[in-house]
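What follows draws every value from the coordinates through simple rules; no lab data is involved. What you are looking at is a predicted structure, and each value in this text was computed from that prediction instead of being measured. Because the Cβ atoms are built from the backbone with ideal geometry, glycine has one as well, and the counts that use them run over all protein chains shown.
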Amino acid sequence: QVQLVESGGGLVQAGGSLRLSCAASGRTFSTLNMAWFRQAPGKEREFLGGINWSGGSTGYAGSVKGRFTISRDNTKNTVYLQMNSLKPEDTAVYYCAAGNSGITSISSFPYWGQGTQVTVSS
């Protein structure tokens, strides 16, 4: 089993930045692929960015590429999502996820955190 705990969400004005963190425990973090997703009210959960176990490969959704950056620190068992130039439409609950196959498909991630709310005001 893998336990994931997100933090760093909050309220920010449009154009601002936030950095989300996700701390993992329960399995060797450095063997896990990680990703960030989000879900806005009434919408499906959306892939944002994924990173492989070593950090050597990343992938992003087109809607956030160039604004969001995923990274990881295997010494701290933590994955991050740096979000810049935030827009009101980025408002959602943000989730981190862990798995062992692939870095972009929701079906690749059996382990999920509880989510952290991000609200971007206009």
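So which lysines can LYS43 reach, going by Cα to Cα under 19 Å and dropping same-chain residues fewer than 8 places off?
Result set, ordered by chain and number: LYS87.
In nm, to one decimal, how far is the SER7 label point from the GLN114 one, both placed 7 Å along Cα→Cβ?
1.3
Cross-link partners among lysines for LYS76, C-alpha distance below 28 Å, same-chain residues fewer than 8 apart left out?
LYS65
Treating the Cα atoms of the chain as identical point scatterers in vacuum, please give the log10 of the normalised Debye intensity I(q)/I(0) at q = 0.13 Å⁻¹, two decimals.
-0.44
Using DSSP to define loop residues, name the trypsin sites (Lys or Arg not before Pro) in segment 1-88 whose beta-carbon has at most 13 other beta-carbon atoms within 10 Å.
LYS43, LYS76
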